[in-house]
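What follows is a set of notes on a single structure, which appears directly below.
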Amino acid sequence: MATSDKQNAKYFQVWRWHFYAGMFVAPFLIVLSLTGLGMLLTANTTGRDLDRMAIDAPTDTAQTEPVSVQAKAALQALPDSTLIQYIAPRDDKTVALFRVQNTDVSYMVAVNPYDASVVKSFAADSNLYHTFDDIHGDLLLGTVGDYIQETTAALTILLILSGLYLWWQKRRSVARMLVPTAPQPSIKRHKLRLIHATLGSWVSVVLLFFCVSGMAWAGIWGGKVVQSWSQFPAGKWGVAPMPMSIDPNAHDMHDMDMSAAAPHVHGAGAAPMPAPTHGEALNHGSSKDVPWVLELTPMPQSGTTMGTDGIKADVPIVLDTVDKFARESGFVGRYQLSLPQGATGVWSMSQDSMSHDIKNPFADRTLHLDRYSGKVLADIRFADYNAFGKFMAAGIALHMGTLGWWSVLANVLFCLAVIAMSVLGYVMWWQRRPSAAAGTLAAPASHQPLAISKPLLAVLLIVACIFPTAIIAIVVMTLLDVILISRVPSLKRLLK
């Protein structure tokens, strides 16, 4: 075979893989982009948990009710409930949020911090943001949907690499790949290809970045591969060894008063909750409140001889004093305070960009406090993260558009570009189909050899090895294309 024929064969092979990957991936990319736009809109208008609800602030905004009084009002709104979490107001004109557990249902209660009146109560993770988030994460299909989305991201990487190769073969210059230069093609489909490929050249690096950062949340590549070796060792937080300084069984978890005059922080009828063993236990539903790198890290436990100076020994360790300690320790504005669960549970304070608390991911901070001694068991900051943990902290902020309005605008433009590329891909396919090919997919390279070239095979193997879900997809696509389609006349006619 002549060199030009070999080059053409290679080009058509890559094009065929690009076609098949695009046919599978494009619908999911459109869904991901639309739901991403939905989350961007709701997070910056109503807030992820309606935390941007405005209130009429008095002239003297320093006169707020104690957090314990606000919490008591939240608990009274839902009798026999348990206080799980306090989310401080974003600013002087927004509500405070309290997460409470009532039987098996978790609720969010928005409270006016100036008069402790309940503004609104609603089931947690039930608003529009979380609906978009659930679709974005697993298509409302649970584990199956999570695997589908992970496979989509893996094949998108194949789509990006093959697309860049195809466009390079046409343009032979990075500048010409990025700029739609004259003369304009006379064929309408070629004009659409120019737009499709130019958009792809611009967003390919960002899309690749989004795929990697998104898959780090997924169940296989994220949870089983990179996240497991990105966790902190147990000894980082003094989990082991753990010399006990008190007998946790001698302390009732209900003995945690809201203030000197207020009743218990937990509802009288609520069943005690077990102490979380790993950071991911502090996530609630589909919400990701714990930084990625800390999700699989073992939690510290109260009742040990570990810890450094925290709340003074003569100060009661209650909601108000813990909040005061958090403020004195540098938590400003919105932050999250999770109450101890179980006899060895800890007070957990966190503030990170992933949870929309702050804009700067380099200011991420998670602090754990012993519920008995008030000592600081862990104070984890961005500088303590490992390399991939830092990548994820910064990457998620870019991915979610939490860095400010410029990042929101950049994400909106990116999502629109991905939708446009996906739609144009289908339009080009439809226009390319010969009239005689009605009822077929009219895949490219119908008369070219289907054997996979060594360079293409190398790319496929690299993608498959790095991203396990891609292995199944690539094997299935290969078997369909090389073995089944070529041997079954009806499929050959459909996909020719």
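In whole Å, what is the distance between the alpha-carbon centres of region 374-409 and region 350-370? If you average the Cα positions of each part, the centres end up 7 Å apart. Counting neighbouring Cβ atoms within 10 Å and putting the fewest first, the residues 337, 369 line up as 337, 369. Computed from phi, the 3J(HN,Hα) profile of region 114-119 under the Karplus parametrisation 6.51, -1.76, 1.60 (θ = phi - 60°) reads 8, 10, 6, 8, 7, 8 Hz, with x in place of Gly and Pro. Pairs to check: 312/375; 224/288; 324/359; 120/359; 72/375. Give those whose C-alpha atoms are more than 20 Å from each other in this structure. Over 20 Å apart, Cα to Cα: 324/359; 120/359; 72/375. Placing dummy labels 7 Å off each Cα toward the beta-carbon, the span from residue 45 to residue 170 is 3.7 nm.
Near the amide H of residue 284, within less than 5 Å, lie the amide hydrogens of 289, all on another chain or at least 5 residues away, with H placed in the peptide plane.
Values of log10 I(q)/I(0) for region 8-158 across q = 0.09, 0.10, 0.15, 0.17 Å⁻¹ run -0.45, -0.52, -0.83, -0.95, by the Debye formula with one identical scatterer at each alpha carbon and no solvent.
Eigen-decomposition of the gyration tensor built on the alpha-carbon atoms of region 152-212 gives equivalent ellipsoid semi-axes of 23, 12, 10 angstrom, largest listed first.
The base-10 log of I(q)/I(0) for region 321-447, evaluated at q = 0.19, 0.21, 0.23 Å⁻¹, reads -1.05, -1.15, -1.25 [Debye formula, identical scatterers on Cα atoms, solvent excluded]. Computed from the Cβ-Cβ distance with R0 of 22 Å, the FRET efficiency linking residue 57 to residue 324 stands at 0.55. Summarising the amide proton neighbourhood of residue 120: residues at separation of 5 or more, or on other chains, whose placed amide H is nearer than 5 Å comprise 110. In region 204-222, whose amide N lies under 17 Å from the spot 7 Å out along Cα-to-Cβ of residue 471? List them in ranges. Answer for region 204-222: 219-222.
Values in this text are rule-based calculations from the coordinates and carry no lab data. This is a predicted model, so every value here is computed, not measured. Methodologically, a virtual Cβ is constructed for each residue, glycine included, from the backbone with ideal geometry; neighbour enumeration extends over all protein chains shown.
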